[in-house]
Structures are given as structure tokens and as C-alpha cells.
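The values are calculated or read from the model by the stated rules, or taken from the named source; none is laboratory data. Everything numeric in this text was worked out from a predicted model, so none of it was measured. Every residue, glycine among them, receives a Cβ derived from its backbone with ideal geometry; neighbour counts consider all protein chains shown.
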Amino acid sequence: MDLSFSPEEEAFRAEVRAFIEEARPKLPKSLGAPEAATRTKDDYLAWHKLLYAKGWVAPIWPKEYGGPGWSVSQRFIFNQESANAEMPTTLPFGLSMVGPVIFSFGSDEQKKTYLPRILSGEDWWCQGYSEPGAGSDLASLRTRAVRDGDHYIVNGQKTWTTLAQFADWIFCLVRTDPNVKPQEGITFLLIDMKTPGITVKPIIVLDGAHEVNDVFFDNVKVPVANRVGEENKGWTYAKFLLVHERTGIAGTARSKKAVERLKEIARAELVDGKPLIETDAFARKVAELEIELAALEFTELRTLAQESKGKMAGPESSILKIRGTEIQQRITELTEEAVGYYAFPYERGMGSNEYPPGPDYAVGAAGRYFNMRKASIYGGSNEIQRNIIAKAVLGL
Ligand SMILES: Cc1cc2nc3c(=O)[nH]c(=O)nc-3n(C[C@H](O)[C@H](O)[C@H](O)COP(=O)(O)OP(=O)(O)OC[C@H]3O[C@@H](n4cnc5c(N)ncnc54)[C@H](O)[C@@H]3O)c2cc1C
């Protein structure tokens, strides 16, 4: 595997850097806040809109649907540079999840209607997969859709729906046939959140943020035209989407940046007058983390190299999901360990005029530690990913 970049790719890197420098002052200050609790819809969309104006918002989309036509290496460079510059990420629900499902399986009409609005950020999408009692065992979902002429009537509940409070649309897995094998009776529907009968109720998480919701459906009328692909074939489209979700979760470039920050903190923190980074125990933990991260990066590069030859990641993306999220969690653990009790006062939101009791770099460390526990649960829990690897990759 050749890991060097061509002069054209280096020129592209320079273009990305210049764009980021120009974009940075246009982003709202609250994006730098330690917690997501204070973010508005406009905050989330600010980076998306700047990327859209440049034609760079949907790196994985084919050019014919509005993607930038980047090679795999260009995508890698863009991710690296954005992470190094600590730029925000775009939300995955439209760009990485339902968008690819629509351009791969949707009708021409659906492509024309939804794709441009995902790109521009006009439509905010959320993901209606999980239900109470149907998370890991997703195929047991019970939200029911019954055909009534040109419509489906939808009844049921989705849960853990990320940022549904801002959503214009929800893509949902619904049960259309309860009398067959669970996987064979599921349909993929696109539902306008303004439809009468939909109620969104917040779930407030441990760090006080409103990140997730319950979404209730009470006789919600959805046009049959909003069905993606065939009735009862939704499981195929659902699985296609999950592979995309898991690849994006690895977050290698961002973890590298976060390890750099961790090392800066460990250089500044002193133990008996000696920088923490120079103590044997902590130095070993950081070294182990860096080794794991390097291994993950090479695994990701191998996946990208395959992709550049036209072979999309399949169940192997579960490996990236497990290791990527374990590393993200480990970074927050070690950061908390490094700053000790100064990790705890984290409720100092943007606009607060109170000084933190400890160093600035400690602010939010506990909040991030607790918040990152979610990473081994969402996108399919890590235990479930291990089951997938055991069956589909190792053939056990
Ligand atoms: C922050 C956050 C955001 C989320 N956002 C969304 C969203 O936007 N849309 C959406 O649809 N969903 C979302 N989810 C839901 C997420 O996909 C589910 O939480 C996840 O699939 C696990 O399902 P569950 O919570 O029902 O846990 P369960 O399935 O009940 O699992 C409980 C525990 O048992 C383990 N377990 C279960 N079955 C097995 C097995 N067969 N073998 C070994 N271990 C097993 C699991 O690993 C887990 O540790 C989100 C979750 C979180 C935490």
C-alpha cells in the first residue's frame, strides 16, 4: 500500500486548508462550547451551509447527485484537515444515511424531491429505527403501517431519535407484514414530521443536553409515494444504511487530534513537580492508546484502499465501529484522569461569566467522558458488532 500523496493531492490539501481558514471566522462561537446543550439548529447547520456553498457538503455522493467527485484519497485528506483544524462535523442523518439510500434505491421522483434539499440543508432528517424493545434486535420492531388506499396509516413509537426536535423529516422502519419472518415484513418510509399525529418528547441525557427523543405516531397518514423501494423489502435498505453509519463512526482523524490535546494536558499537569506525561504509568497508557489508534488508522486505510478499487466495506465496518468508539472513550477517560477533580465543574455554558476553578482545558472533561459512553451503544452496540464479525467475517 502506497501511503504517500501525489503533488495533485498535496495541492488539494492546500486548497482544503485555505478554505477552512476562510470559513472559520464565519462559524458561530458556540460550536467551540464543551457541551452540545447550548447549540441551536442554525449552529448545527453553519458548517454544512459553508460546505454546501463550496460544493463539498456530500463527499460520499456520486457527482450526478451533487457530490464533489472526490477520490477516496481526497476524502481522506479532507477528513484529516477538518479534524486537525477542529472543524465541526456535519450531521450524518441526511448526508450519510438516508441520502445514499434514496440515490441507491429511491424512485426518480424521490431523488429529485429530497436529494437537493438534503444537500442545501433545507431539510433536516432524523433516524427512526430503534423502538422500546427493538434496539439490538431491530428486526423485532413493532411500529405498524397499514395500507389504506394511497396511504399508510402509521402507529407506534420510535426512541433515542437523535435531534428529532429539529427534524423536518424522519426515515422510518415500519412493520407492514406481521405474519412473516420479522426481517421480511419491514418497509422503509419517509415521513414528514409536520404530519398530524406525530409527537416528539425530549429525553434529557446525563450531561443535561437534549440530544435524543421519543417520537410517537398516532394514526399518521403517509403517502405510499413516500415508500423507498418495495413494500416489505425495507430490511435490505436498512442494512445498507447501517454499513454507512458504522464506517463514519471510526473517527480516526479526530481521535488523533484529541490524543494530541491529551498529551498537551499531560505535559501541563504536574505530579510531584514532574509532568504527568513523564510518569511511567501515564506514559504507558498514552503509548498503548497511540498504538491502538495507529492500528485503527491502518485498518481504515485498508478499507479505503479497497473502496478505491470499487469494493465497498461490508461487515468489516463493524471492526472500525468497535475500535473507533473504544478509542474515543479511552481518550475521554485518560483526559479525566489527567485533570482529576477539575473535570467535574462542566456546566459552565457559553456566555457564563464564572471562571472555571481549574485550568481551561479541564472544562467539560467529565461531561465528555459521560457523554461518550453512548458511542459503544449507538450505531448498533459493540457487542452486536462482535456478533456480526464472528458470523459474517470469521464465519464462526
Ligand atoms: C446517544 C444515542 C443516540 C441514538 N440515536 C438513535 C437515532 O437517532 N435513531 C435510532 O433509531 N436509534 C438511535 N439510538 C439507538 C441505538 O441504536 C440503540 O440504543 C442500540 O441499537 C441498542 O439498543 P437498545 O438501547 O435497545 O439496547 P438493547 O438492545 O436492549 O441492549 C442492551 C444491552 O444488551 C446487549 N445485547 C443485546 N443483545 C445482545 C446479543 N444478542 N448479544 C450480546 N449482547 C447483546 C447490548 O449490547 C447492550 O449492551 C441511539 C442511541 C444512543 C445511546
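The table for this structure:
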| read-out | value |
| --- | --- |
| Strands (runs of 3 or more DSSP E) completely within the range 123-232 that count 2 or more residues being away from the ligand (no atom under 12 Å from the Cβ) | 144-148, 151-158, 169-175, 186-192, 198-204, 210-223 |
| Failed item, numbered, when T161 is tested on (1) under 19 Å from the mean Cα position of the chain (by Cα); (2) surrounded by fewer than 20 Cβ atoms within 10 Å (Cβ to Cβ) | (2) |
| Meets criteria (touching a residue at least 40 places away in the same chain (Cβ under 8 Å), within 16 Å of the ligand (Cβ to nearest atom), farther than 30 Å from I20 by Cβ and crowded, with 18+ Cβ neighbours inside 10 Å) for V101 | no |
| Any helices (runs of 4 or more DSSP H) falling wholly within the range 277-383 and containing at least 2 residues that are free of Cβ contacts under 8 Å to residues at least 60 places away in the same chain and within 16 Å of the ligand (Cβ to nearest atom) | 317-339 |
| Considering residues of the range 1-40 that are under 22 Å from P202 (Cβ atoms) and assigned to a helix (DSSP H, G or I) only, the residue modelled with the highest pLDDT | T38 |
| All positions within the range 270-300 that are under 23 Å from Q80 (Cβ atoms) and among the hydrophobic types (A, V, I, L, M, F, W, C) | V286, A287, L289, I291, L293, A294, A295, L296, F298 |
| Criterion violated by L173 - all others in (1) touching a residue at least 60 places away in the same chain (Cβ under 8 Å); (2) out of contact with any Leu (no Cβ under 6 Å at 6 or more places or on another chain) satisfied | (2) |
